[in-house]
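Asks: Sharing a structure with you now.
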Amino acid sequence: MNKSVIWISASILTLAVVMIAFIYSFNVQKEEATDSKEPKPEVTTIQVEERFGVEKDWQQNGKENQYLTKLLEGELASESIGVIQSDTDCEADEMGISQCHNEIELENKQTITIINIHNMMNYVCFYPGEKVKIIPSEDGQWMQVSKITL
């Protein structure tokens, strides 16, 4: 009886060690996979800030119908009304941030192109035919764009 108790104890102990090793191994693999696939929100924000030179919570761009956009082509010296002609290049990054390109025909028939950096799941894109109000920054590189609702 003494040998069978030792064998049973040894078997239970071995089984416990194997299960602990398996659970530990599974958790380590899961943490490594999570770390490598999901960038931290601040990393994406920093990358956008480095590219465009402005600090902003891009997840909230579009809140209260106020979109901060970057002028890509053309020029605008003063406040204007325009009509969205296109909405392209809207592929989102890992954090859901898109850098949509919008071509806008202004009241004076000139055209500008802007980059709208936003999360489409939080605040929708501009769509062709939509009227917008555009207010340029002092340096003319950034534009405050808002949708005109009737």
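Every number here is computed from the coordinates shown, using simple stated rules; none is lab data. In this text, all values refer to a predicted model and were calculated from it rather than measured experimentally. Neighbour counts run over all protein chains shown; Cβ positions are idealised from the backbone, glycine included.
Asks: Stretch Leu150-Ser78 to full length: gain in nm at 0.36 nm per residue minus the Cα-Cα span?
Replies: Numbers: separation 72, 0.36 × 72 = 25.92 nm, distance 2.28 nm.
Fully extending the segment from Leu150 to Ser78 adds 23.6 nm.
Asks: Let me ask you something else. Skipping prolines and chain starts, which residues have an amide H placed within reach, meaning under 5 Å, of the one on Glu130, given they are 5 or more residues away or on another chain?
Replies: HN-HN under 5 Å from Glu130: Ile84.
Asks: Which trypsin sites (Lys or Arg not before Pro) in the stretch 74-150 pass both tests, a DSSP loop state and at most 13 other beta-carbon atoms within 10 Å? All intermediate terms of the calculation are to be shown ahead of the outcome.
Replies: Values: sites: Lys109, Lys131, Lys133, Lys147; in loops: Lys109.
Passing sites in the stretch 74-150 are Lys109.
Asks: Once both labels are modelled 7 Å past Cα along the beta-carbon direction, what's the Asp57-Met121 spacing in nm?
Replies: 1.7 nm
Asks: Show the residues, 5+ positions off or on another chain, whose built amide H is closer than 5 Å to the amide H of Asp93.
Replies: Answer set, sorted by chain and number: Ser98.
Asks: Sticking with this structure for a sec: Quick one: which residues, 5+ away or cross-chain, put their amide H under 5 Å from the amide H of Trp142? H built at 1.01 Å from N.
Replies: Hits under the 5 Å cutoff: Leu71, Ser137.
Asks: Same structure again: Eigenvalues of the Cα gyration tensor times 5, then square-rooted: what semi-axes does that give for the stretch 57-147, in whole angstrom, largest first?
Replies: Sorted largest first and rounded, they come to 20, 13, 12 Å.
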